[in-house]
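The values are calculated or read from the model by the stated rules, or taken from the named source; none is laboratory data. The structure displayed is predicted, hence computed values, not measured ones. Cβ placement follows ideal geometry from the backbone for every residue including glycine, while neighbour counts extend to all protein chains displayed.
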Number of protein chains: 2
Amino acid sequence: MMSSERPALPFDAEKHDHSQCVADALRSAESLCERRGARLTSLRRRVLELVWTSHAPVGAYALLDRLSHERARAAPPTVYRSLEFLLQHGLIHRVESLNAFVGCPHPGQSHSSQFLICRDCGIAAEMLDADINRAIAERAAACGFAVERKTVEVRGLCPACQTRDGAGQP
Amino acid sequence: MMSSERPALPFDAEKHDHSQCVADALRSAESLCERRGARLTSLRRRVLELVWTSHAPVGAYALLDRLSHERARAAPPTVYRSLEFLLQHGLIHRVESLNAFVGCPHPGQSHSSQFLICRDCGIAAEMLDADINRAIAERAAACGFAVERKTVEVRGLCPACQTRDGAGQP
DNA sequence: TCTTAAAACGATATATTATATCATTTCAAT
DNA sequence: ATTGAAATGATATAATATATCGTTTTAAGA
């Protein structure tokens with residue numbers, strides 16, 4: 001148990017099978033909600049699916065726009081209530097520095113994760129880094145601070161976008 | 001160069017001389033701006049002073065309220081423009097998870113800091129922890145991610161508020 | 001099956017945070 | 001003194017989020 005799991009990051013945009021991501025996410029959500037007796041209604045399921053449209057965090061009002069095409073009477077609370085449910089069950093995360101939401105690739109396990117967020121393509125990769133968590137926990141403990149939630153969001157350029165920016169089009 | 005500086009945290013509310021904090025902050029700001037040829041106007045100076053009213057991050061509209069008592073024609077842009085200046089010069093930080101602003105106790109040196117934020121008293125303590133920064137840098141590097149900014153915000157209970165909650169009033 | 005209480009959702013209003021834009025004033029360097 | 005740039009005033013509006021109350025749906029028990 002040394003360090004850090006290594007889930008594949010979603011930055012390799014062309015390579016990964018995104019419809020598979022979405023399908024996995026929806027299946028996990030269904031089984032998790034069933035196990036918990038939580039009601040993944042069709043609205044909530046659809047909002048989750050919309051969040052998973054891409055790996056870039058999406059704002060509540062962008063979700064509302066998309067939802068409006070399907071549901072005539074969608075309003076802000078429609079979306080925010082679904083988002084709240086999804087957050088409570090760990091099916092999505094809120095990205096504080098963007099006021100936006102992104103799907104969680106490993107729901108169920110309560111976890112404290114970190115995000116690498118590309119300023120160019122917008123993709124946010126979730127990581128579970130034991131060293132980062134340990135460093136934070138140790139420092140907080142040394143301060144006598146009782147940790148409840150951790151927000152770690154790293155902004156920068158993903159590998160693909162570094163290439164594009166550096167060598168690519170002027 | 002082992003690890004971590006140790007500035008006194010502001011959680012010991014009664015103990016620290018807050019007027020001294022404010023005075024220090026304003027003096028640092030003045031000398032820093034002078035060195036840089038940046039104009040710390042009376043408005044900007046006053047906004048900085050208002051941010052430093054406490055160690056709890058304060059929202060832009062709370063600042064606007066206070067400012068309105070003194071400046072009849074203060075409007076949102078009045079505050080936001082001053083905040084932008086203060087941010088650019090590292091005199092304050094934005095706390096993303098609160099949409100609020102807090103004074104920086106060691107401006108001038110560009111730094112990547114972390115916050116311990118008490119959910120009870122609201123105080124945000126800024127830390128410079130080399131281990132946390134190293135852990136994040138190492139993980140990002142391993143992912144090929146080029147870091148530009150780091151947001152680390154830890155929510156929980158400060159020592160004083162743990163005491164109050166645990167033993168204090170029911 | 002019918003009843004019913006809770007949960008979810010619809011509908012409307014409004015709060016909170018932030019920015020765009022253009023006019024006017026202030027400031028420092030000529 | 002003149003002037004161009006920076007700062008501020010003034011107004012409007014965008015973007016994000018929540019409060020509240022009425023209606024519908026749902027699951028569980030009578």
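Grab the strands (runs of 3 or more DSSP E) fully contained in segment B:75-159, keeping just those with 2 or more residues being of a type in the set (Lys, Arg).
B:146-157
Which of the residues spanning segment B:49-76 are small (Gly, Ala, Ser) and closer than 26 Å to B:Ile117 by Cα?
B:Ser54, B:Ala56, B:Gly59, B:Ala60, B:Ala62
For segment A:125-143: of the residues being out of contact with any helix residue (DSSP H, G or I) (no Cβ under 8 Å at 6 or more places or on another chain) and touching a residue at least 12 places away in the same chain (Cβ under 8 Å), which is nearest to A:Phe11 (Cα to Cα)? Write out each step before concluding.
At the first step, the residues of segment A:125-143 found to be out of contact with any helix residue (DSSP H, G or I) (no Cβ under 8 Å at 6 or more places or on another chain) are A:125-126, A:128, A:130, A:133, A:137, A:140-142.
Remaining after also requiring touching a residue at least 12 places away in the same chain (Cβ under 8 Å): A:125-126, A:128, A:130, A:133.
Working: A:Ala125: 7, A:Glu126: 11, A:Leu128: 16, A:Ala130: 21, A:Asn133: 23 Å.
Within segment A:125-143, the match that is nearest to A:Phe11 (Cα to Cα) is A:Ala125.
Would you mind telling me which numbered condition in (1) more than 7 Å from chain A (Cβ to nearest Cβ); (2) closer than 23 Å to B:Leu87 by Cβ; (3) not aromatic (Phe, Trp, Tyr) B:Ala142 fails?
Failing condition for B:Ala142: (2).
Within segment B:52-88, how many residues are near DNA strand D (Cβ under 10 Å from one of its atoms) and either within 14 Å of chain A (Cβ to nearest Cβ) or in contact (Cβ under 8 Å) with a residue 40 or more places away in the chain (or both)?
Qualifying residue count for the region: 1.
Return the pairs, sorted by first residue and then second, in which the second residue is more than 11 Å from DNA strand D (Cβ to nearest atom) and modelled with pLDDT of 95 or more, the first residue lies in segment A:33-49 and is small (Gly, Ala, Ser), the beta carbons are less than 6 Å apart, and the residues are 6+ apart or on different chains.
A:Ala38/A:His89
Looking only at segment B:77-91, decide whether some residue is away from DNA strand C (no atom under 11 Å from the Cβ), more than 24 Å from A:Ile132 (Cα to Cα) and within 10 Å of the chain's Cα centre (by Cα).
For segment B:77-91, residues away from DNA strand C (no atom under 11 Å from the Cβ), more than 24 Å from A:Ile132 (Cα to Cα) and within 10 Å of the chain's Cα centre (by Cα): present.
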